[in-house]
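J.: What follows is a single structure, and I will ask about it in a moment.
The values are calculated or read from the model by the stated rules, or taken from the named source; none is laboratory data. Note that this is a predicted model, so its numbers are computed, not measured. Heads up, the Cβs are rebuilt from the backbone with ideal geometry, glycines too, and the neighbour counts pull from every protein chain shown.
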């Protein structure tokens, strides 16, 4: 008997055991999925692409521009076109110098759905000229800057109160403070310092031309309550005053009193 037979027999026995046991071990091993399972898992867990804008056009700066009568202006831009889908914000830069090397504020605000986006900055120092511009940003994409505008503030609060305002934005977007300044400048120019029917008649044409009107102004029985224009709301100088007009009204005081400005 060859001394090598037991070795060959032992190797054969190991081979037989491995055929059964190794296959069982493979099938029981959760860390060794089949190629089919791997492809399915890859399909399930493959991350979906993130949608970002391919391009954001530069917005158009609207106002403020020129001489204004308040040190707390609101800034308006016309919204730009956006290709793709992502949240877009507008970044406003306000500077003391025309080359924007002396920034006094950088403010971000979400792009509005109305087609015009407004940014409120807060009070600026009276006197001198400011320059501003804006750009869009979203999903890692930025637009070019808008056109740059400049505006000049009065030298102090008393000068602002007596100035005839030059505000180059739609009056529906004037702030309540801008309307207040305009109203008192109009009162002074017309020479009607106290509340009266004649005073309201003297003021009405200028107010209606800018989208405001006194209560019952349409029928001549005017009351010292002023309806200010509201964006997207019809004018209030008609019998069926739109409900939205009441969302921005001002009480002006009683007969014979100095004009007041009480926001409802």
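J.: So if I check each of 197, 186, 228, which one is modelled with pLDDT of 90 or more and surrounded by 16 or more Cβ atoms within 10 Å (Cβ to Cβ)?
T.: Of the residues listed, the single one that is modelled with pLDDT of 90 or more and surrounded by 16 or more Cβ atoms within 10 Å (Cβ to Cβ) is 228.
J.: Okay, next question. So which residues in region 80-95 are buried (at least 17 other Cβ atoms within 10 Å of the Cβ) and in a strand (DSSP E or B), if there are any at all?
T.: Correct list: 82, 90, 91, 92, 93, 94, 95.
J.: Inside region 91-127, can you point out the residues that are in contact with a strand residue (DSSP E or B) (Cβ under 9 Å, 6 or more places away or on another chain), more than 18 Å from residue 151 (Cβ to Cβ) and touching a residue at least 40 places away in the same chain (Cβ under 8 Å)?
T.: 91
J.: Would you mind finding the one in 184, 173 that is closer than 30 Å to residue 149 by Cα, touching a strand residue (DSSP E or B) at 6+ places or on another chain (Cβ under 7 Å) and touching a residue at least 60 places away in the same chain (Cβ under 8 Å)?
T.: Going through 184, 173 in turn, the sole match is 173.
J.: Mind checking which pairs have a first residue in region 238-264 that is without any contact (Cβ under 8 Å) to a residue 40 or more places away in the chain and a second that is part of a helix (DSSP H, G or I), Cβ under 8 Å, 6 or more apart or different chains?
T.: 238/218; 239/218; 239/219; 264/246
J.: Which one of the conditions (1) modelled with pLDDT under 85; (2) crowded, with 17+ Cβ neighbours inside 10 Å; (3) touching a strand residue (DSSP E or B) at 6+ places or on another chain (Cβ under 8 Å) does residue 168 fail to meet, given that it meets all the rest?
T.: Every condition holds for residue 168 apart from (2).
J.: Continuing with this model, one more query. Considering only residues that are within 15 Å of residue 62 (Cβ to Cβ) and surrounded by 11 or more Cβ atoms within 10 Å (Cβ to Cβ), which ones fall in region 96-120?
T.: 109, 111, 112, 114, 116, 117, 118, 119, 120
J.: Tell me which residues, restricted to region 113-165, are under 15 Å from residue 79 (Cβ atoms) and at pLDDT below 85.
T.: Matches in region 113-165: 113, 114, 115.
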